[in-house]
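Below is one structure, written out as structure tokens; the observations come after it.
The values are calculated or read from the model by the stated rules, or taken from the named source; none is laboratory data. Treat the numbers as computed from the prediction; the structure is a model and nothing was measured. Don't worry about glycine lacking a Cβ; one is built from the backbone with ideal geometry, like all the others, and counts go over all protein chains shown. Just the protein is used for accessible areas: all its heavy atoms, side chains included, with ligands, DNA and RNA removed. Shrake-Rupley method; radii C 1.70, N 1.55, O 1.52, S 1.80 Å.
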Amino acid sequence: MFGKKKRLNVQLDYAIRLDTRIRDMSFTVIDTETTGFAIGAKDGLIEIGAVHIEQLEVTDSTFQTFVNPARSIPHHITKLTSIEQVHIDYAPSPLEAIGQLFEFMETYQSVSWIGHHVGFDQLVLKKELAR
């Protein structure tokens, strides 16, 4: 009925001295797109985007992937995001996509992620990992 749970083995807990200046830390700005706001119920992740910040400067290091939520995208979400069904049909699963995001963050030793409404993005990632 249910398969064995997969684990992500990405370590992001780097030791940071309390007197470290923000300028000396690496960050990742992330954004997610979903099929709607009912993340705990019927809606799912359809895109993850990220950019690496180094010394408070945006770098050329970016991450982007569409995600297959195993459901169709509502028309109003396509109008809002320009993401169409064809973009997600063969995209990675949420678990695979989140794993790729964490690998991106690990590559650049990001100490944190930031973003606009990052609480929603965090909720999306948590709910998808829980599934």
Does ILE39 fit the bill of being at pLDDT 95 or above, within 17 Å of the chain's Cα centre (by Cα) and surrounded by 13 or more Cβ atoms within 10 Å (Cβ to Cβ)?
no
Unmet criterion (only one of (1) in contact with a strand residue (DSSP E or B) (Cβ under 6 Å, 6 or more places away or on another chain); (2) open to solvent by 30 Å² or more (accessible area, probe 1.4 Å); (3) not β-branched (Val, Ile, Thr)) for GLU57:
(1)
Being surrounded by fewer than 10 Cβ atoms within 10 Å (Cβ to Cβ) and of a type in the set (A, V, I, L, M, F, W, C) is the filter; apply it to region 6-21 and report the residue that is modelled with the highest pLDDT.
LEU18
For GLY99, are the conditions met, namely being in contact with a Pro (Cβ under 8 Å, 6 or more places away or on another chain) and either surrounded by 15 or more Cβ atoms within 10 Å (Cβ to Cβ) or without any contact (Cβ under 8 Å) to a residue 60 or more places away in the chain (or both)?
no
Which condition breaks for THR78 when tested against (1) under 24 Å from TYR108 (Cβ atoms); (2) modelled with pLDDT of 95 or more; (3) over 18 Å from the mean Cα position of the chain (by Cα)?
(1)
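Residues are listed down the side, and each one gets a yes or a no for (1) open to solvent by 50 Å² or more (accessible area, probe 1.4 Å); (2) polar (S, T, N, Q); (3) within 23 Å of LYS127 (Cα to Cα):
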position: ASP24; (1), (2), (3): yes, no, no
position: ILE30; (1), (2), (3): no, no, yes
position: THR35; (1), (2), (3): no, yes, yes
position: ILE46; (1), (2), (3): no, no, yes
position: SER61; (1), (2), (3): no, yes, no
position: PHE66; (1), (2), (3): yes, no, yes
position: ALA70; (1), (2), (3): yes, no, yes
position: ILE77; (1), (2), (3): no, no, yes
Which number in (1) under 15 Å from ASP43 (Cα atoms); (2) not in a helix (DSSP H, G or I) marks the one condition that GLN109 misses?
(1)
Flagged in region 79-96 as part of a helix (DSSP H, G or I), buried (at least 16 other Cβ atoms within 10 Å of the Cβ) and among the β-branched types (Val, Ile, Thr), in numbering order, are ILE88
Note on region 81-106: residues closer than 18 Å to VAL29 by Cα, at pLDDT 95 or above and of a type in the set (Phe, Trp, Tyr) are PHE104
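So that you can scan it fast, the table gives a plain yes or no per residue for (1) of a type in the set (Phe, Trp, Tyr); (2) in contact with an Asp or Glu (Cβ under 9 Å, 6 or more places away or on another chain); (3) more than 17 Å from GLU128 (Cα to Cα):
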residue	(1), (2), (3)
THR35	no, yes, no
GLY44	no, yes, no
ALA50	no, yes, yes
LEU56	no, no, yes
THR65	no, yes, no
ILE73	no, yes, no
VAL86	no, no, yes
